[in-house]
Structures are given as structure tokens and as C-alpha cells.
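Contents: one structure, followed by commentary.
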Amino acid sequence: MSTNIAVLVSGRGSNLQSIIDNIETGHIKNARISVVISDVGNAYALKRAQIHGINNVFIDPPDFSNKQDYEKKILKVLKDNDVDLILLAGYMRIVGKSLIAAYRNRIINIHPALLPSFKGLHAQQQAFDYGVKVSGCTVHFVDEGMDTGPIIIQKCVPVLDTDTVDELAARILEQEHKVYPQAVKLFIEGKLKVEGRIVVHL
């Protein structure tokens, strides 16, 4: 049975593209992206979806009186597209309780730092400013906190003495494009089990 995936986006969608590519090449089997949802109308990620013939929807938060109504609309789109798994790919909003409750342990995010360090926005800049010698990225399940959900995969990226923050961010992004599809593949193959804070790889 095929897993229907929704990807929530806000920006250029390079991680979305890596998931699309891995499905189209057959690296990720028994899966399809059934819908891409953006909270930004001109997000290039929507264009990527169009290029690949993927259903795409812009849902404008200011059209709704509160976050609950906004997410109710998202939930309707997810239901209409029979979504089994939600991926956050540069989605710049904190996922609310109603969405998490409906898709507990079925929402995955990628963060450009080694959690639990450097949560939230501008993680690469935070790590760079702190002077760490190793940074990286983290794929994790989403819970009610900000970047606090159980960790699926982490990938280390060394910080070089000659690095600028943009150079570091670019090398982290290269690894994101590898580990995010890997995590999705493990989920779809039923090889992940959440036990408290621990994600066991079966």
C-alpha cells in the first residue's frame, strides 16, 4: 500500500525537491506526495510541486481569525488527500496541537543543527556565533514543543576555521538532502518505533 505524503513549506523547497527526487528515482518506494501546502503564496516550493505535477495549495494564515481555524483548513486538505505522513520542509510556523493530535508521530521535521542545541530560527547562525567545532542537522518527529520531538537521525558537519556562516549553512544543507529522504524511507518501511523520547530503528 502506498503512503500518501503531505509536505508543508514556506520557502524555496530544496528539501521538498530532495524528497521528490528520491521518490521519482525509486529510492523511496511505495510513497507519493499527494499535496504540498504553503503558508506563503509566492513560495518557490509551490512551483517545484507544479513542475512535478503535484497537487499544491496555498493557505493564507491572515484569512483566518485564529490559528485553530487555520489548522482546521489544513486538516481538511490533509483529509481530502488521504494523507498518512506530514513532512515539514522549511515550514516557518510552529505546528499546533490539533495537527499534532491528528498525526501523532506522523509529522517529521528537519532542523539545521544538532538538537537539542540551537533550536528555533537561524540555527546555523546560532551555532556559528557560539563557536562550535561541529554542527549538523537533525531529523525528528514533531511534538508540542519547538524542535523538541524524538530524534530520528542526526548528521554531523565540521565547522572549519575558514567558514563563513553561509558556507557552513550550505554544507549542512547538503547533508539535509541526504538524511531527510533516509528518514522518510525508514518511516515508510515501518522501521521506526517511538518509545518515549527514543526512536528505535528496527
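When you scan the stretch 130-143, how many residues do you find that are farther than 15 Å from Gly90 by Cβ and in contact with a helix residue (DSSP H, G or I) (Cβ under 6 Å, 6 or more places away or on another chain)?
Adding up the residues that qualify gives 1.
Tell me, yes or no, whether the stretch 164-174 has at least one residue that is in a loop (DSSP other than H, G, I, E, B) and either crowded, with 22+ Cβ neighbours inside 10 Å or not assigned by TED's automatic domain parsing to the domain that holds Gln68 (or both). Explain how you work it out, then say what you get.
Keep residues of the stretch 164-174 that are in a loop (DSSP other than H, G, I, E, B), which gives 164.
Those left that are additionally either crowded, with 22+ Cβ neighbours inside 10 Å or not assigned by TED's automatic domain parsing to the domain that holds Gln68 (or both): 164.
The answer is yes, given that some residue of the stretch 164-174 is in a loop (DSSP other than H, G, I, E, B) and either crowded, with 22+ Cβ neighbours inside 10 Å or not assigned by TED's automatic domain parsing to the domain that holds Gln68 (or both).
I need every pair where a residue in the stretch 90-109 that is under 24 Å from Tyr44 (Cα atoms) has its Cβ under 6 Å from the Cβ of a residue that is at pLDDT 95 or above and hydroxyl-bearing (Ser, Thr, Tyr), sequence separation at least 6 or different chains.
Taking only residues 6 or more apart or on different chains, the pairs are Gly90/Ser10; Tyr91/Ser10; Met92/Ser10.
Consider only pairs whose beta carbons are under 9 Å apart and that are at least six residues apart or on different chains; among these, list those whose first residue lies in the stretch 67-82 and is more than 14 Å from Arg93 (Cβ to Cβ) and in contact (Cβ under 8 Å) with a residue 24 or more places away in the chain and whose second residue is surrounded by fewer than 16 Cβ atoms within 10 Å (Cβ to Cβ) and among the aromatic types (Phe, Trp, Tyr).
Taking only residues 6 or more apart or on different chains, the pairs are Lys72/Phe64.
For the structure I just gave you, tell me whether Asp82 is in a loop (DSSP other than H, G, I, E, B) and among the acidic types (Asp, Glu). Quick ask: steps written out before the conclusion?
Values: in a loop (DSSP other than H, G, I, E, B): yes; among the acidic types (Asp, Glu): yes.
For Asp82, the condition - in a loop (DSSP other than H, G, I, E, B) and among the acidic types (Asp, Glu) - is met.
In the stretch 10-58, how many residues are in contact with a strand residue (DSSP E or B) (Cβ under 7 Å, 6 or more places away or on another chain), part of a loop (DSSP other than H, G, I, E, B), hydrophobic (A, V, I, L, M, F, W, C) and under 16 Å from Lys185 (Cα atoms)?
Kept after step one, since they are in contact with a strand residue (DSSP E or B) (Cβ under 7 Å, 6 or more places away or on another chain), are these residues of the stretch 10-58: 10, 13, 15-16, 19-20, 23, 30-38, 41, 43, 45-46, 49-50, 54-58.
Remaining after also requiring part of a loop (DSSP other than H, G, I, E, B): 10, 13, 30, 41, 43, 54-55.
Filter once more, so that each one left must be hydrophobic (A, V, I, L, M, F, W, C): 43, 54.
Filter again for under 16 Å from Lys185 (Cα atoms), leaving none.
Count: 0.
Go through the stretch 113-131 and give me each residue that's assigned to a loop (DSSP other than H, G, I, E, B) and either touching a Cys at 6+ places or on another chain (Cβ under 8 Å) or buried (at least 18 other Cβ atoms within 10 Å of the Cβ) (or both). Talk me through it step by step, then tell me what you get.
We begin by selecting, within the stretch 113-131, every residue assigned to a loop (DSSP other than H, G, I, E, B); these are 113-122, 131.
Result: Ala113, Leu114, Leu115, Phe118.
What do you reckon, is Leu87 under 11 Å from the mean Cα position of the chain (by Cα) and at pLDDT 95 or above?
yes
The values are calculated or read from the model by the stated rules, or taken from the named source; none is laboratory data. All values reported here derive from a predicted model rather than from experimental measurement. So basically every Cβ, Gly included, is an ideal-geometry build from the backbone, and we count neighbours across all protein chains shown.
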